[in-house]
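The structure appears right after this line, and notes come after that.
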Amino acid sequence: MVYSMTGFGASTKKTDRLMVAVEMKSVNHRFCEISIRLPRQWLVFEDKIKKAISPYVRRGKVEVFVTIAGEGLVKRSVHIDWDLLGQYWAGVQEAAKRFAVDGSVTAAELLRLDGAVEVVEEEGANEEVEPLLLAAVDEAAKALVAMRRREGEALAADLRARLHEVEAGVEAIEQRAPLVIEQYRERLARRLREWAPAPVDEARLLTEVAVFAEKADIHEELKRIRSHLAQMADALEMDEPIGRKLDFLVQELNREVNTIGAKANDSLIAAQVVEMKSVLEKMREQVQNVE
């Protein structure tokens, strides 16, 4: 089964006092990378979220967005810096004594002084958060995988069609290749007759044709191309990450096709090579999306 590395999944879980929403999206990446964005006070769950997602995703960059809201999640308390207030009060009394003014001040005025009062937030104890969060993560991950699978099926269908196109090109070249040698022999014989009215030296002609045939031989390249095509077809049936393998095989196919284009010395084969390279480039783009 082929999986794409592109996908999206989301889930929301609620109780009477709590709501957890999880969204995930994944894109192409050489390895498996999971990044999580969640409220600061819940960073303690980051490793557990990654462990929950890891069985579902083996390759690709996954971004996870977590929203947690509800009652009792954060406790707020007031902290009064009594030492600082004492210094403020001493300063008021000293100022009244030095300048012979009324030193009266209200408690409210003291508490409004800079740094005297601070509102402190503490994590609220809520045992519902973890199970609800992990349940939402699991559901979102399954939705992500389902989309990646649908995308993967479309990719596999397209790649299989491209494989058939390349195979058709191979068959066309295999049919054309033997004719190239014969046509070279005929051209060479005709030129020799044009240049020298004497009878053509058949031994020399055969030698020249043999040298050309050796240089233009593309049998091994065609054989390797068929092997690579078979390996790609088999890989598309595997239930494991195959993206890197497919990428390597496409590179090898492209290399063999380029070699054929350089060795064949025939316009029709050259045209077929151009068509095959165009197909391989489309395959390479698609393979970049395969897990």
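A probe of 1.4 angstrom, applied to the heavy atoms of all protein chains, finds His219 with accessible area near 110 square angstrom. If you take the Cα centroid of region 228-255 and the Cα centroid of region 148-167, the two points sit 11 Å apart. Under 24 Å of direct C-alpha separation, and excluding same-chain neighbours fewer than eight residues apart, Lys51 reaches these lysines: Lys13, Lys14, Lys25, Lys61, Lys142. Between Phe248 and Lys142, what FRET efficiency follows from the Cβ-Cβ distance if R0 is 25 Å, with the result rounded to 0.05? The computed FRET efficiency comes out at 0.25.
Placing Ser77, Ser4 in order of accessible area, with the largest value first and a 1.4 Å probe, yields Ser77, Ser4. Listed values for region 139-155 are Karplus-derived 3J(HN,Hα) couplings in whole Hz (6.51 cos²θ - 1.76 cosθ + 1.60, θ = phi - 60°), namely 5, 5, 5, 5, 5, 4, 5, 4, 5, 4, 5, 4, 4, x, 4, 5, 4, and x replaces Gly and Pro. The label point for Lys263 and the one for Phe65, both projected 7 Å from the Cα toward the Cβ, are 5.4 nm apart. Bridging of Lys277 to lysines at a Cα separation below 27 Å is possible for Lys215, Lys223, Lys245, Lys263, once same-chain residues fewer than 8 apart are set aside.
For region 1-100, applying the loop criterion from DSSP together with a ceiling of 12 other beta carbons within 10 Å to the chymotrypsin sites (Phe, Trp or Tyr not before Pro) yields Phe31. Converting phi to 3J(HN,Hα) with the Karplus coefficients 6.51, -1.76 and 1.60 and the offset θ = phi - 60°, region 77-82 yields 9, 9, 10, 9, 8, 5 Hz in sequence order, with x at every glycine or proline. With q set to 0.21, 0.33 Å⁻¹, the log10 of I(q)/I(0) for region 74-123, from the Debye formula over equal scatterers at the Cα positions, is -0.75, -1.18.
Here's how it looks for Ile36: its modeled amide H is under 5 Å from those of Val64, which are all 5 or more places away or on a different chain. Using the Cα coordinates of region 1-133, the gyration tensor eigenvalues translate into equivalent-ellipsoid semi-axes of 54, 17, 10 Å, sorted from longest to shortest.
The values are calculated or read from the model by the stated rules, or taken from the named source; none is laboratory data. These numbers come from a predicted model, not from an experiment. Cβ atoms come from the backbone with ideal geometry, glycine included; neighbour counts cover every protein chain shown. Note: areas computed on protein heavy atoms with side chains; ligands, DNA, RNA excluded. Shrake-Rupley method; radii C 1.70, N 1.55, O 1.52, S 1.80 Å.
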